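Undergrad: Here it is, the structure, as structure tokens.
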Amino acid sequence: MRILIISSLFPPDALGGAEISAWNLACWLRDHGHEVGVLTTTAGSESATTGVIEDGLRVWRVRMPRPYPMAHYGNQPAAAKLVWHLLDHLDPANIDIVRDVLREFKPDFASVHLLAGLGWNSLAELARHDVPVLFALPDLALACVRSGMFRGDHTCQRQCTECRLSSWWKQRQIGKLRRLGFYSPSRANLQSVESLVPLRKRPRRVIFNPNRYPVPVRPYRAGSLPRFLYAGRLHRTKGVDVLLDAADIVAGRGLAFTLAIAGDGPDGEMLRERYGNRPWLTFHGHVSQQRVSDLMAEHDLLCLPSVWAENSPGVAIQALSQGMPVLASNVGGVPELVDPGITGALLPAGDTDTWAETLAALILQPHHIRRWREAASVRSDRFDPEQLGARLFELIEEISAQGPLLRPDRL
């Protein structure tokens, strides 16, 4: 089968988990004998490519006509963001770009992962070519301009006017597809989408992303004191400040431990200035996935203190796949990954005192971490990428075999 992966970001241009998952699915399909194309964006015309083979994938990297590239979306002026989103919804150039790739590659199927940045109206071109589509739900982009129903420092309780208009337009575009199905890596995210967007009777599944993570260079060995790790973006939605404040409280009680922070982001400089002189703390900055795996082997427990509804964070799956337990906020799809008291613990999001008390208890009673690690190692098979990829391909085949809809203009 000839399958086109559509993702506005794609490694090596990666900011989050959705594009990593798109890459992993592309590799799974390639390794199982399918011809795989990738349509993605690039920040500059000098790095644009047209059907160039990269690691066995045929890749189109296009420079979109936007005020700024997708990879530079953070901290842009409000006026530039407004123009960017209008172009992302309405610019006819979006359709032209997708049309050119469809004519050249002639896919039997398309898997859409990140469409923001490539243009929502480009779905109409997929419909005109009658390409069956698997639409991934890595976030709430169908319902929210910002993709997460999170604004400032709080979760939105309902859609604003801007998001309702955007969602209406997206539904009109996606509803033109005759053969369409959805998958979400968490039931929580799927239910959130369903509560905001009518998916009608389209097939949908909850399937973990078939991500394959690097093997650590050296195996795990227990240390002389508890070693905690955070790996991810340094952004207010991730609750890193909650974790650092909690760790500060614990250190103030004279308890010994270490905490490593791997990653960077908009809040990186602020966090380093505020906490960088702590003797128990190390900031590693942005690191590769291989380095994340190595750090997991060098630490005892992953901390995931997010204050917004994470979908199915890949870093938690990566940790659990390596037998590393997870201490996480009880939000979004995270409870579908962590078995409380068995492979880790779930805590109230944003509750610094509870995080401090839990960290202190684990320092004083480290046998809990050892027991969680044993259980996580036993249960790691649930994230086997080979089985997950096979389940996704079964859904691809189901969508391809769909007959005509009575109301093709609806979801």
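The values are calculated or read from the model by the stated rules, or taken from the named source; none is laboratory data. Predicted, not measured: the structure shown is a model, and the values here were computed from it. All Cβ positions, glycine included, derive from the backbone under ideal geometry; neighbour counts span all protein chains shown.
Undergrad: Quickly run through the stretch 147-179 and pick out the residues that are part of a loop (DSSP other than H, G, I, E, B), in contact (Cβ under 8 Å) with a residue 12 or more places away in the chain and under 23 Å from the mean Cα position of the chain (by Cα).
TA: Matches in the stretch 147-179: 147, 148, 149, 153, 156, 159.
Undergrad: Further question: Could you list, in sequence order, all residues of the stretch 221-245 that are in a loop (DSSP other than H, G, I, E, B) and either assigned by TED's automatic domain parsing to the domain that holds residue 152 or more than 16 Å from residue 316 (Cβ to Cβ) (or both)?
TA: 221, 222, 223, 224, 225, 226, 234, 235 - these are the residues of the stretch 221-245 that are in a loop (DSSP other than H, G, I, E, B) and either assigned by TED's automatic domain parsing to the domain that holds residue 152 or more than 16 Å from residue 316 (Cβ to Cβ) (or both).
Undergrad: Let me ask something else about it. Restricting attention to the stretch 4-23, and to residues there that are modelled with pLDDT of 90 or more and among the aliphatic types (A, V, I, L, M), which single residue is surrounded by the fewest Cβ atoms within 10 Å (Cβ to Cβ)?
TA: Ranking the candidates gives 20 first.
Undergrad: In addition: Determine the pairs where a residue that is farther than 14 Å from residue 34 by Cβ, located within the stretch 392-411, has a partner that is part of a helix (DSSP H, G or I) and modelled with pLDDT of 85 or more with Cβ atoms under 8 Å apart, the partner being 6 or more residues away or on another chain.
TA: What qualifies is 409/172; 411/171; 411/174.
Undergrad: Among the numbered criteria (1) out of contact with any helix residue (DSSP H, G or I) (no Cβ under 7 Å at 6 or more places or on another chain); (2) under 28 Å from residue 94 (Cα atoms); (3) surrounded by 14 or more Cβ atoms within 10 Å (Cβ to Cβ), which single criterion is violated by residue 227?
TA: (2)
Residue by residue, here is whether (1) within 20 Å of residue 163 (Cβ to Cβ); (2) buried (at least 16 other Cβ atoms within 10 Å of the Cβ); (3) in contact (Cβ under 8 Å) with a residue 60 or more places away in the chain holds:
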position	(1), (2), (3)
25	no, yes, yes
37	no, yes, yes
44	no, no, no
51	no, no, no
54	no, no, no
61	no, yes, no
69	no, yes, no
73	yes, yes, no
76	yes, no, no
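Undergrad: Out of everything in the stretch 43-72 that is basic (Lys, Arg) and in contact with a strand residue (DSSP E or B) (Cβ under 8 Å, 6 or more places away or on another chain), what residue ends up being farthest from residue 83 (Cα to Cα)?
TA: Just the residues of the stretch 43-72 that are basic (Lys, Arg), to begin with: 58, 61, 63, 66.
Subsequent filtering for residues that are in contact with a strand residue (DSSP E or B) (Cβ under 8 Å, 6 or more places away or on another chain) retains 58, 61, 63.
Numbers: 58: 31, 61: 22, 63: 16 Å.
Among residues in the stretch 43-72 that are basic (Lys, Arg) and in contact with a strand residue (DSSP E or B) (Cβ under 8 Å, 6 or more places away or on another chain), the one farthest from residue 83 (Cα to Cα) is 58.
Undergrad: From the list 248, 294, 264, which one is within 25 Å of residue 357 (Cβ to Cβ), of a type outside the set (A, V, I, L, M, F, W, C) and not in a strand (DSSP E or B)? I'd like the intermediate steps shown before the answer.
TA: On the way: 294 fails: within 25 Å of residue 357 (Cβ to Cβ); 264 fails: within 25 Å of residue 357 (Cβ to Cβ).
Checking each option against the conditions leaves just 248.
Undergrad: Which one is surrounded by the fewest Cβ atoms within 10 Å (Cβ to Cβ), of the residues in the stretch 78-111 that are among the basic types (Lys, Arg) and under 29 Å from residue 402 (Cβ atoms)?
TA: Filtering first and then ranking leaves 103.
Undergrad: Name the residue, out of 345, 297, 319, that is closer than 14 Å to residue 377 by Cβ, of a type in the set (Gly, Ala, Ser) and surrounded by fewer than 24 Cβ atoms within 10 Å (Cβ to Cβ). Write out each step before concluding.
TA: Working: 345 fails: closer than 14 Å to residue 377 by Cβ; 319 fails: surrounded by fewer than 24 Cβ atoms within 10 Å (Cβ to Cβ).
The unique qualifying residue is 297.
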